[in-house]
1. Do you know which residues across segment 91-105 are open to solvent by 40 Å² or more (accessible area, probe 1.4 Å) and in contact with a helix residue (DSSP H, G or I) (Cβ under 7 Å, 6 or more places away or on another chain)?
2. Do we have any residue at all in segment 40-54 that's under 23 Å from Val115 (Cα atoms), surrounded by fewer than 15 Cβ atoms within 10 Å (Cβ to Cβ) and modelled with pLDDT of 95 or more?
3. Against the definition (closer than 26 Å to Glu144 by Cα, out of contact with any Ser or Thr (no Cβ under 9 Å at 6 or more places or on another chain) and in contact (Cβ under 8 Å) with a residue 40 or more places away in the chain), how does Ala51 come out, yes or no?
4. Would you mind stating whether Gly77 is closer than 30 Å to His145 by Cβ and part of a helix (DSSP H, G or I)?
5. Scanning for something surrounded by fewer than 19 Cβ atoms within 10 Å (Cβ to Cβ), closer than 20 Å to Ala119 by Cα and under 12 Å from the mean Cα position of the chain (by Cα), does segment 21-32 turn up at least one residue?
6. Does Met116 qualify as being modelled with pLDDT of 95 or more, open to solvent by less than 20 Å² (accessible area, probe 1.4 Å), not in a strand (DSSP E or B) and not small (Gly, Ala, Ser)?
7. Restricting to helices (runs of 4 or more DSSP H) lying wholly in segment 1-72: which have 3 or more residues that are closer than 21 Å to Gln123 by Cα?
8. Here is a list of conditions, (1) open to solvent by less than 40 Å² (accessible area, probe 1.4 Å); (2) not in a helix (DSSP H, G or I), and Tyr125 meets all of them except one; can you say which number that is?
Amino acid sequence: MKIAVGCDPNATEFKKELIPFIEGLGHEVTDFGSDDPIYANVAIEVAEAVAAKKYDRGVLFCGTGIGVMLAANKVKGAYAAVVGDVYSAQRACLSNNCNIITLGSQVTGIKKAEVMIEAYLSQTYVYNERSGKKVDRILEYEREH
């Protein structure tokens, strides 16, 4: 898969450690940068690229993962989830069809981040009775507004 990655300056080293890991899983990674102290700018740029289907998925980092998640979710067609454990990383894809995950560099260790990223990227959303209608409602609301 083609993966778009970005972060704020606080998470630069965290991101730099994780890019080779993602590439080692067999994915092509594009780094959208980390110099802008306004984390919303890089989050929006990654989200726009993913929503436009130039990239299959995105991974964003900031101190907690919350700020970049909020910014990314303002982009139509971008569905970002902050993850803090492996199960949530898997379910972001399987239950919610998220095309972006976000992680906090100040609240997550590198090894845990690796496991969560691998868990997320190894999943494929398949429409199903349990989650499909819930995802449909989100998309319906987005189209209406």
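The values are calculated or read from the model by the stated rules, or taken from the named source; none is laboratory data. Predicted, not measured: the structure shown is a model, and the values here were computed from it. No Cβ is skipped: glycine too gets one built from the backbone with ideal geometry, and neighbour counts run over all protein chains shown. Surface accessibility is based on the protein's heavy atoms, side chains included, excluding ligands, DNA and RNA. Shrake-Rupley method; radii C 1.70, N 1.55, O 1.52, S 1.80 Å.
1. First pass over segment 91-105, keeping only residues open to solvent by 40 Å² or more (accessible area, probe 1.4 Å): 91, 94, 96-97.
Result: Asn96, Asn97.
2. First pass over segment 40-54, keeping only residues under 23 Å from Val115 (Cα atoms): 43, 46-47, 50.
Keeping just the survivors that are surrounded by fewer than 15 Cβ atoms within 10 Å (Cβ to Cβ) gives none.
No, because not a single residue in segment 40-54 is under 23 Å from Val115 (Cα atoms), surrounded by fewer than 15 Cβ atoms within 10 Å (Cβ to Cβ) and modelled with pLDDT of 95 or more.
3. On the way: closer than 26 Å to Glu144 by Cα: yes; out of contact with any Ser or Thr (no Cβ under 9 Å at 6 or more places or on another chain): yes; in contact (Cβ under 8 Å) with a residue 40 or more places away in the chain: yes.
Taking the combined requirement at face value, the residue satisfies it.
4. Numbers: closer than 30 Å to His145 by Cβ: yes; part of a helix (DSSP H, G or I): no.
So Gly77 does not fit the description; no.
5. Within segment 21-32 (the criterion being surrounded by fewer than 19 Cβ atoms within 10 Å (Cβ to Cβ), closer than 20 Å to Ala119 by Cα and under 12 Å from the mean Cα position of the chain (by Cα)), the answer is no, since none of the residues qualifies.
6. Values: modelled with pLDDT of 95 or more: yes; open to solvent by less than 20 Å² (accessible area, probe 1.4 Å): yes; not in a strand (DSSP E or B): yes; not small (Gly, Ala, Ser): yes.
Spelling it out, Met116 is indeed modelled with pLDDT of 95 or more, open to solvent by less than 20 Å² (accessible area, probe 1.4 Å), not in a strand (DSSP E or B) and not small (Gly, Ala, Ser).
7. Values: elements: 12-24, 39-51, 66-72.
Helices (runs of 4 or more DSSP H) meeting the threshold: 12-24, 39-51.
8. (1)
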